Structures are given as C-alpha cells and as structure tokens.
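I have placed the structure first, in the form of structure tokens, so that the comments after it can refer back to it.
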Amino acid sequence: MRTVLVASSKGGAGKSTIVTNLAAHFALEGKATVLVDGDRQKSASHWCAKRAGLETAVLPVDGSRRGWEKHIPADAQRVVIDAPAGAMADELESFLAAADAVLVPVNPSMIDLEATVPFLDSLAALPRVKKGKLPVALVANRLKPWTGASQQAVAQLQAWPYPLVAQLRDTQAYVLMVALGKSVFDYHSEQIRGHQADWAPLLKWLKKAL
Ligand SMILES: Nc1ncnc2c1ncn2[C@@H]1O[C@H](COP(=O)(O)OP(=O)(O)OP(=O)(O)O)[C@@H](O)[C@H]1O
Ligand SMILES: [Mg+2]
C-alpha cells in the first residue's frame, strides 16, 4: 500500500481537486484506491459518492476521526489523503506518518506563494523530510500560462527547494468533472488529453517516490 498526502495550509489551493483526480488515475490503472478525507467540508467524500456506481470507484474513509487508519482495507493499493485547510505539519501528524510522498499545491498569486512558505518550513522541520525519506513536491495549480502572474509564480516556485512536478491549468474542466464524480483521466477528447499531459511529470515523479 502506497500513500500520497496532498496538503497545504492555504485554503483553496486545489487539494481536493488534485486528490480526486489522482485517486481516479490510480483506480483507472486498476489499483484498489482509497481516499482519506481529512477535511470536514467533505468535498472529496462527496466526489467518491458520485463515483460509487463506476467500476473504477474510490472508497472514501473519514480522515477527520482518530483511528482512521483502521478503516483502510488490507487490500488497498493506493491511498490518497486530502488534508484539511489551515493545518500546519504538526496538525497533520497521522497523515504524515502514513505518507510515502507529499504534494503541495500552490496557486499563482503572491498571497498564495507567501502563505505557502511557513507550511513548507513546517514540513522541512520533520525528521523524515530532513533525511530525504519523505519526498515533497510542489504543484502549481490554476495557471493561466499566458499571464505575467502565472509566469512569475512558476519562476519563483522553480527556485524553491522542492521540485515543481506539475503546472495545472485553470480550466472549468476540473470544476465540471469533480462535480460529476469524474476526473480528467476518465475522458479521451483531444482537449482533455492536453490536461492529462499536464499531469505527466507529476505521475512520473510519484512512480519514483512511491
Ligand atoms: N485547475 C483548476 N482550474 C479551475 N478551477 C480549479 C482548479 N483547481 C481547483 N479549482 C477550483 O478552485 C476551488 C478550490 O479548489 P479545491 O476545492 O480543490 O481546493 P482545496 O485546497 O481543496 O480547498 P479547501 O482548502 O477549501 O479544502 C474549487 O472551486 C475548484 O473547483
Ligand atoms: Mg478541499
């Protein structure tokens, strides 16, 4: 069983969007996939409920309760954890203990970049991160690649001490698909293939990290 934690103290960075798309990707690969929802808003659990009828359903587990680990079936192959907004590393202890890799989404604005620094510092202080045993990567999310703000944010993120493993575009596709219990990996149109391509470096990094 391999576990990916998607976390950021900044609200609205794209945690649930990334968690749901990643969970669908694993499920579509044929892996028994569990989504641990650490957020009381339960957006990711609602997504699982909408997907429940599909062959590639993802099992939701309530991560806001102590002892959530006991609810992960023994045959689970991939676990994706949606961390609650506002939590720093010390409040994510049980999620970090379970994680084999951490993804930190960041939106391309100065407010988001600045708000993410203390969270990354809180991760950097963890012994497993310090020793290089828990890989951490950045995901730029909601990019409008033609804008100066997005270009500057990407340049800044590339200078940070964690790899920038994906540049996901701002598109209604994510909004619409998440509402349907779907992901960009469930569709095959040419336009959606472009969005899938945005995930390729992230998926490659995860293959190595997991
Ligand atoms: N790449 C994207 N393109 C367009 N909209 C996006 C994208 N990623 C996320 N969104 C939208 O931005 C909003 C915030 O995203 P999301 O809910 O995934 O963030 P979050 O980090 O889980 O938020 P919270 O901290 O409240 O849990 C949502 O309305 C979502 O649909
Ligand atoms: Mg969320």
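Tabulated values for the structure
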| item | result |
| --- | --- |
| In order through segment 119-127: 3J(HN,Hα) via Karplus (6.51 cos²θ - 1.76 cosθ + 1.60), integer Hz, x for Gly, Pro | 5, 5, 5, 5, 5, 4, 7, 6, x |
| Cα-based radius of gyration of segment 107-189 once divided by 2.2 N^0.38 Å, which approximates compact folds | 1.29 |
| Low-density loop cleavage sites - chymotrypsin sites (Phe, Trp or Tyr not before Pro) in segment 61-160, where at most 14 other Cβ are within 10 Å (DSSP) | W146 |
| Fully extended contour minus Cα-Cα distance, from Q156 to S43, at 0.36 nm per residue | 37.7 nm |
| Mean separation of Cα contacts under 8 Å, 6 or more apart, over the residue count of the chain: relative contact order % | 25 percent |
| Histogram of C-alpha separations across segment 63-171, 10 Å bin width, % | 12, 42, 31, 13, 2 |
| Extension gain, K133 back to W146 (0.36 nm per residue minus Cα-Cα distance, nm) | 1.0 nm |
| Largest-first principal axis extents of the Cα set of the chain (Å) | 43, 43, 31 |
| Extension gain, E91 back to L28 (0.36 nm per residue minus Cα-Cα distance, nm) | 19.5 nm |
| Segment 93-131: trypsin sites (Lys or Arg not before Pro) in DSSP loop, at most 15 other beta carbons within 10 Å | K131 |
| Ellipsoid semi-axes in whole angstrom, largest first, where each is sqrt(5λ) of the Cα gyration tensor of segment 71-115 | 26, 12, 8 |
| Förster radius 22 Å - calculated FRET efficiency between L54 and S189, Cβ distance, rounded to 0.05 | 0.75 |
| FRET E, pair Q196, I111, Förster distance 25 Å, beta-carbon r, rounded to 0.05 | 0.30 |
| Relative packing of 2-11, 152-161, 105-114, which averages over residues the other C-beta atoms within 10 Å, highest first | 2-11, 105-114, 152-161 |
| Computed E for E69/R2 - FRET, C-beta separation, R0 22 angstrom, nearest 0.05 | 0.90 |
| Net dipole in debye of the chain [+1 Lys, Arg Cβ; -1 Asp, Glu Cβ; about Cα centre; nearest 20] | 300 debye |
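No value in this document is a laboratory result; all are computed from the given coordinates. As the structure is a computational prediction, the values presented were derived from the model and not from experiment. Cβ coordinates were reconstructed from backbone atoms using ideal geometry, including for glycine residues, and neighbour counts include every protein chain displayed.
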